[in-house]
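Here is the structure we will look at.
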Amino acid sequence: MRAVPWEPCLGLIHEFEKGPEGTFSATPYRDPAGHWTNGWGHRCSQGAPPITAEQADQQARIDLSAAANGVCTVLGDPLVEMLTEGQYAALIDFTFNEGMGRFAGSTLAHYIKVGAMHLVPGEFRRWIYSHVNGVATVEQGLVRRRNTEIAVWLA
């Protein structure tokens, strides 16, 4: 498996996985999708104990490693090796945010597999919805995140 590009990946989750305090969250809170979360977007239980910033960063590295493994599993190591650092970082962040299953079944992954890299930015833009009371709703945080992932992809 290709090494995780830590600087851009940690930068992305530090930017987009902030808790209600505007930084990492030491205590569990519900994210916009309604999942209990702490640290830098780590899913947890409602009653999880408080964590420190250092623990949040350690957990983020574990979570990002799992997302990178998911990207490699879906695309295959030879294809992942051909990606730029920015492309790989953008896909890791996307997979961290949406989950490996959603990435695996996405048109985004399909376009990468068939070499249609010019279509990838448009596919990022399709992943901007969360479900609120069963209704797909544009989530402005996801709009910002996808635009940033596109910028990282193109860098």
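Can you find a residue that is modelled with pLDDT of 95 or more, buried (at least 18 other Cβ atoms within 10 Å of the Cβ) and under 16 Å from L64 (Cβ atoms) anywhere in the stretch 102-121?
Yes, the conditions are met somewhere in the stretch 102-121.
In the set C9, C44, which member is in contact with a helix residue (DSSP H, G or I) (Cβ under 8 Å, 6 or more places away or on another chain), surrounded by 13 or more Cβ atoms within 10 Å (Cβ to Cβ) and at pLDDT 95 or above? Spell out the reasoning first.
Numbers: C44 fails: in contact with a helix residue (DSSP H, G or I) (Cβ under 8 Å, 6 or more places away or on another chain).
Going through C9, C44 in turn, just one is in contact with a helix residue (DSSP H, G or I) (Cβ under 8 Å, 6 or more places away or on another chain), surrounded by 13 or more Cβ atoms within 10 Å (Cβ to Cβ) and at pLDDT 95 or above: C9.
Test E81 against the stated conditions and say whether it is under 24 Å from S130 (Cβ atoms), among the acidic types (D, E) and touching a residue at least 24 places away in the same chain (Cβ under 8 Å). So that I can check it myself, show each step before the final result.
On the way: under 24 Å from S130 (Cβ atoms): no; among the acidic types (D, E): yes; touching a residue at least 24 places away in the same chain (Cβ under 8 Å): yes.
In short, no.
When the residues of the stretch 64-86 are filtered to those that are under 18 Å from G11 (Cα atoms) and surrounded by fewer than 19 Cβ atoms within 10 Å (Cβ to Cβ), which remaining residue is farthest from the chain's Cα centre (by Cα)?
Step one: list which residues in the stretch 64-86 are under 18 Å from G11 (Cα atoms), which gives 64-68, 84-86.
Checking which are surrounded by fewer than 19 Cβ atoms within 10 Å (Cβ to Cβ) leaves us with 65-66, 84-86.
Numbers: S65: 11, A66: 11, T84: 17, E85: 15, G86: 13 Å.
Among those that are under 18 Å from G11 (Cα atoms) and surrounded by fewer than 19 Cβ atoms within 10 Å (Cβ to Cβ), it is T84.
The values are calculated or read from the model by the stated rules, or taken from the named source; none is laboratory data. Quick caveat, the model's predicted, so the values are computed rather than measured. Here Cβ is always computed from backbone atoms with ideal geometry, including for glycine, and neighbour counts include all displayed protein chains.
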